[in-house]
Structure formats: C-alpha cells, structure tokens
Amino acid sequence: MATKAIVYVDKGKAAIQDVPVPKLRDGYLLVRVHAMGLNPTDWKHIDNGLTDPGSRIGCDYAGVVEEVGPNVTRSFKKGDRICGVVHGGDRPHHENGAFGQVITVKGGVQIKTPDNLSDEEAATLGISICTVGQGLYQTLNLPVPTECVGQGSEYILIYGGSTATGIFGIQFAKLSGLRVIATASPHNFDYLSSLGAEDVFDYKAPDVAAEIRKYTDNRLKLAWDCTGLGGPIIAGALSSVAPSKYASIMPVKEDVKAINANIDGPHVTLMYSMFGEGFHKGKRVEPEPAEYEFAQQFWEMSREILASGKVKTVRPIVNRGGKGLEGVLEGLDELRADKVSGGKLVYTF
C-alpha cells in the first residue's frame, strides 16, 4: 500500500512523492494525519542538507490512530484522536516524518488530543512542548506548574516571545510562578500580555537590554532564548551582580560571557534527543533514555494542563497558500522568508 509524503530529494529540494506506508516498529503507532504544523527546523533540514535523500520531512501533526504497534505503553486504540511530535528528517529511519497522509509516531511523545482542542490547534504543540520541557524545566529548573503555589518574585526573560516556543514558554513560566517578561515586535505586545507576560520589550530598540535591566532592578537571573539570536541583549539584561543562567534552543554565536561574566551558559537544547534514540545532525548523537523518560512525563502533564484550559495553543494560521502537502510546500517558503509571527502555519487534508 502506498501513501503520499513530503520527501527530501537533495540539498535545497523536497517534493511530494508516493511512498510505502511506514512499518510499525516497537513502541510506535500508525496515524492518519488531519493537520500538520510547520517549524523552522523543517526547511532547515531541506536547505542545509541535514538528512538523506528519501527521508520524510516534518515534526508536528494531529490525526487519528490507525494501528497500535507492539510494546506501546500508553493506552491508545484505533480511532483515538492523537497529536504530538515526530522525528522528521531522521537519517536512521527515513520513514519518520509528519508531512504525510499516513505516518508513524513514537508512543511516549504523543498524547490523546484533549477534547477542547481542534486538530488545527493540536498540530501546533509538538516541537514546542518538547522544547519548553527541555529549556524551562530541565535546563533552567523552573518549578513544575502542578507543584507551584502561586506567583513568586523571580523574573524570567523569554527572548523571541512571539515564536511558537515563546508563546508556550510565557504561559508555562507564568504557571510556574515566574514574573515573565518577553521581547517581540510591537504589533505582538498585546497578544503576549494576554498570555501572561508582565511586560514586553521591542527587541529592535537600541537600548532594550538596559531597559530590561532597569525594569528588573538588575535582578534578572533566568533567560530563555527562543531564537538563538538574543546573545548580546540577554547578556546585557541579565543581572550584572548575581549569577544567572541562559538557555537557548539554538547555538548562540556571540561570546556572552565577554559581555556578562556572571552568565552560566548559554546551554543549548536539541529537541530530537527527546525520542531517546540515536541520530545524526552533522555529528552522531548517542541515545539518551533519560530524555525519553522525561519527555513522557512532561507530555502527560502538558496534556492535563491543556485540557484544563490553563495554557492556550499558538494561534493556528490555517492553509495559508493552499491545503494539504501542496500547502505545506508553500508554507515552508513563508517560513524561509521569515513571514510568520505570533502564530503557526498549519495545513489540513
């Protein structure tokens, strides 16, 4: 049986192709996709040649369970609504990838879609939920929302607050009792404030680092960079007198310690380690089973929070430029051109 998927062809090129339905491996499920969410990592895999010809692209999706494979530990059954994350562009397993009609997904990093979420909303979760877990809770050691007793006095700066990860990060950090400040473009200020940001600063303002340091009375000790581009601003905003910690979802080019010697970091996280399997992104990364254990727990906690309505999904921007896999290819061009802010491109079949 064949299905259609977006497949990496060569550096800079991906195409819609007829491919075999993925085989079920231990711990995996087959899913019929209803909606697909786009992330910058999708086009970067294509344009930077981070995978092999024949591998399938895409990480975020929502759909319905078609078949449950052996040794799936969560109680999924055929017909369940499901969402989560997939290792798109996976060199060891080319059949992984979310941009397809029928896909294979690893059970532990998927959840039953909460009844209060549409498929379009659920397709915005994948990478962002994993990345929030890694950045805010594994690296910066925020108290988990389920154990928080109320707002404290400690600040956290979320740089790139209008990115998908930033939007989720603001809400989770708020639930964890932090005083959240963020950077974004002015047209997103009101949106981020509605999500729980105490104040939002224009990242293009020439004195933004000094403004943040003044606002926090030189007491800012935690920062999460959702772009990898915030080095100088974050270093200038973090406390000049107290030790601070800087986490990022991407490598940071600048020597931030030359700006602020009190910084611990930048500590860079990589979402793909959450699967607990080995992979190759320019270099070989060995399996980290503890990452998979954490991911399973964090996804289940996140499902409960989402079902309660305490966290809202990123605003889905649905079918901009077209539907289905053809629309996805158009959307990847939108992301390449940096034309998406304050929402997430989602395409439906």
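The values are calculated or read from the model by the stated rules, or taken from the named source; none is laboratory data. What you are looking at is a predicted structure, and each value in this text was computed from that prediction instead of being measured. We place every Cβ from the backbone using ideal geometry, glycine too, and count neighbours over all the protein chains shown. Each accessible area value is taken on the protein alone, full model and side chains, heavy atoms only, with ligands, DNA and RNA left out. Shrake-Rupley method; radii C 1.70, N 1.55, O 1.52, S 1.80 Å.
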Restricting region 251-264 to residues that are in contact (Cβ under 8 Å) with a residue 24 or more places away in the chain and touching a strand residue (DSSP E or B) at 6+ places or on another chain (Cβ under 7 Å), the one farthest from residue 203 (Cα to Cα) turns out to be 262
Hey, does region 280-292 have a residue that's among the hydrophobic types (A, V, I, L, M, F, W, C), open to solvent by less than 60 Å² (accessible area, probe 1.4 Å), more than 30 Å from residue 154 (Cα to Cα) and modelled with pLDDT under 95? yes
Which residues, taken from region 188-207, are in contact with an Asp or Glu (Cβ under 9 Å, 6 or more places away or on another chain) and open to solvent by less than 30 Å² (accessible area, probe 1.4 Å)? 200, 201, 205
Does residue 271 satisfy being crowded, with 21+ Cβ neighbours inside 10 Å and among the aliphatic types (A, V, I, L, M)? yes
With respect to residue 119, determine if the residue is charged (D, E, K, R) and open to solvent by less than 10 Å² (accessible area, probe 1.4 Å). no
Which residue out of 152, 166, 161 is in a loop (DSSP other than H, G, I, E, B) and open to solvent by less than 10 Å² (accessible area, probe 1.4 Å)? 161
Taking region 178-187 and keeping residues buried (at least 19 other Cβ atoms within 10 Å of the Cβ) and of a type in the set (Gly, Ala, Ser) leaves 182, 184
Among the candidates 272, 292, single out the residue that is in contact with a helix residue (DSSP H, G or I) (Cβ under 7 Å, 6 or more places away or on another chain) and of a type in the set (Ser, Thr, Tyr). 292
Determine if region 300-317 includes at least one residue that is under 25 Å from residue 230 (Cα atoms), among the hydroxyl-bearing types (Ser, Thr, Tyr), open to solvent by 20 Å² or more (accessible area, probe 1.4 Å) and touching a Ser or Thr at 6+ places or on another chain (Cβ under 9 Å). no
Looking at (1) open to solvent by 50 Å² or more (accessible area, probe 1.4 Å); (2) among the polar types (S, T, N, Q); (3) at pLDDT 95 or above, can you tell me which one residue 75 breaks? (3)
Could you please find all residues in region 113-135 being out of contact with any Lys or Arg (no Cβ under 7 Å at 6 or more places or on another chain) and within 14 Å of residue 36 (Cβ to Cβ)? 118, 119, 120, 121, 122, 123, 125, 126, 127
Within region 107-136, track down each residue that is closer than 18 Å to residue 309 by Cα and either among the hydroxyl-bearing types (Ser, Thr, Tyr) or outside any helix (DSSP H, G or I) (or both). 111, 112, 113, 114, 115, 116, 117, 118, 123, 124, 125, 128
Going by the conditions given, is residue 312 basic (Lys, Arg) and farther than 18 Å from residue 168 by Cβ? no
Among 139, 131, the single one that is under 18 Å from residue 312 (Cα atoms) and in contact with a Gly (Cβ under 9 Å, 6 or more places away or on another chain) is 131
What tally of residues in region 142-178 results from selecting those that are out of contact with any Ser or Thr (no Cβ under 7 Å at 6 or more places or on another chain) and at pLDDT 95 or above? 16
Looking at 245, 214, 253, can you tell me which residue is in a helix (DSSP H, G or I), open to solvent by 10 Å² or more (accessible area, probe 1.4 Å) and not small (Gly, Ala, Ser)? 214
Under 8 Å by Cβ, and 6 or more places apart or on different chains, what pairs join a residue from region 139-153 that is closer than 19 Å to residue 309 by Cα and among the small types (Gly, Ala, Ser) with one that is open to solvent by 40 Å² or more (accessible area, probe 1.4 Å) and at pLDDT 80 or above? none
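Yes/no matrix, rows are residues, columns are (1) closer than 20 Å to residue 277 by Cα; (2) open to solvent by 40 Å² or more (accessible area, probe 1.4 Å); (3) in a strand (DSSP E or B):
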{"site": "6", "(1), (2), (3)": "no, no, yes"}
{"site": "9", "(1), (2), (3)": "no, yes, yes"}
{"site": "17", "(1), (2), (3)": "no, yes, yes"}
{"site": "30", "(1), (2), (3)": "yes, no, yes"}
{"site": "34", "(1), (2), (3)": "no, yes, yes"}
{"site": "43", "(1), (2), (3)": "no, yes, no"}
{"site": "62", "(1), (2), (3)": "no, no, yes"}
When the residues of region 217-232 are narrowed to those that are of a type outside the set (A, V, I, L, M, F, W, C) and open to solvent by less than 10 Å² (accessible area, probe 1.4 Å), which ends up nearest to residue 158 (Cα to Cα)? 225
